[in-house]
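Asks: Got a structure for you, questions after.
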Amino acid sequence: MLTLYLVALVAGGLLLVVSLLSFGETDDGEVDADPDAHESGLAHASDVALALLVFPVASLRFWTFFLAFGGLAGTLTTLAGVGVASAALTAGLVGYAAGAAATGVVRWLARTQVSSTLARDACVGATAVVVLPVARGTLGRVRVRLDEQMLDLDAMTDDERELAVGHAAVVYEMRDDGVALVTAAREGA
């Protein structure tokens, strides 16, 4: 049995390394108990339980963690002199728990992910601070605080005078290419 656990540990470890090197690729063909649950907000406890107990086995992520951690648990319990049945049960339970937990956590993160995209006109009317000088015909940069986030935007102006670093500006238009058109903020505004 030790050979089986070592093979599982090596295979799972290799899959973990490959997944870490995939740089954020997340689609591993998982089956979801309720594919519309995260969109409609109707994920019930029974759906979550069903997804964690039954459907994780359809996920490559599940098998990666099952093999890696089940193989590790089986190897360690066998080397510790635990009986064959106890080692197999421990390896199976640890592997299943690790696979189901990893799959569940990733699904939860996918449901709670916040989009960083903004509507094109979300910054229009916002006050900005010049980060790189903005002058007529020259691309500069401004920083806008929007929804508790700081956004740096490429910016241009039609003002006669250059907007220096630290100067307050107002975004009055967003071009299709993402460049903010700004003007100097009025004193006291």
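Asks: Pairs please, first residue from the stretch 120-141 and without any contact (Cβ under 8 Å) to a residue 24 or more places away in the chain, second anywhere and in a strand (DSSP E or B) and loosely packed, with under 15 Cβ neighbours inside 10 Å, Cβ atoms under 9 Å, 6+ apart in sequence or on different chains.
Replies: Arg141/Asp152
Asks: Now for a different question. Tell me which residues, restricted to the stretch 129-151, are at pLDDT below 90 and either closer than 20 Å to Glu187 by Cβ or under 30 Å from the mean Cα position of the chain (by Cα) (or both).
Replies: Scanning the stretch 129-151 gives Arg145, Leu146, Asp147, Glu148, Gln149, Met150, Leu151.
Asks: Check Phe66, Phe62 and return the single one that is in contact with a Pro (Cβ under 6 Å, 6 or more places away or on another chain), surrounded by 14 or more Cβ atoms within 10 Å (Cβ to Cβ) and at pLDDT below 95.
Replies: Phe62
Asks: Of everything in the stretch 127-171 that's among the basic types (Lys, Arg) and part of a strand (DSSP E or B), which residue is farthest from Val182 (Cα to Cα)?
Replies: Among those that are among the basic types (Lys, Arg) and part of a strand (DSSP E or B), it is Arg145.
Asks: Is it fair to say Val142 is in contact with a strand residue (DSSP E or B) (Cβ under 8 Å, 6 or more places away or on another chain) and surrounded by fewer than 19 Cβ atoms within 10 Å (Cβ to Cβ)?
Replies: The answer is no for Val142.
Asks: Can you say whether Phe55 is modelled with pLDDT of 85 or more and closer than 17 Å to Val105 by Cβ, as far as the supplied structure shows?
Replies: In short, no.
Asks: Of everything in the stretch 151-181 that's within 11 Å of Leu132 (Cα to Cα) and charged (D, E, K, R), which residue is surrounded by the fewest Cβ atoms within 10 Å (Cβ to Cβ)?
Replies: Asp152
The values are calculated or read from the model by the stated rules, or taken from the named source; none is laboratory data. Since the model is a prediction, treat every value here as computed from it, not as a measurement. Here the Cβ is made from the backbone with ideal geometry for all residues, glycine too, and neighbour counts use every protein chain on show.
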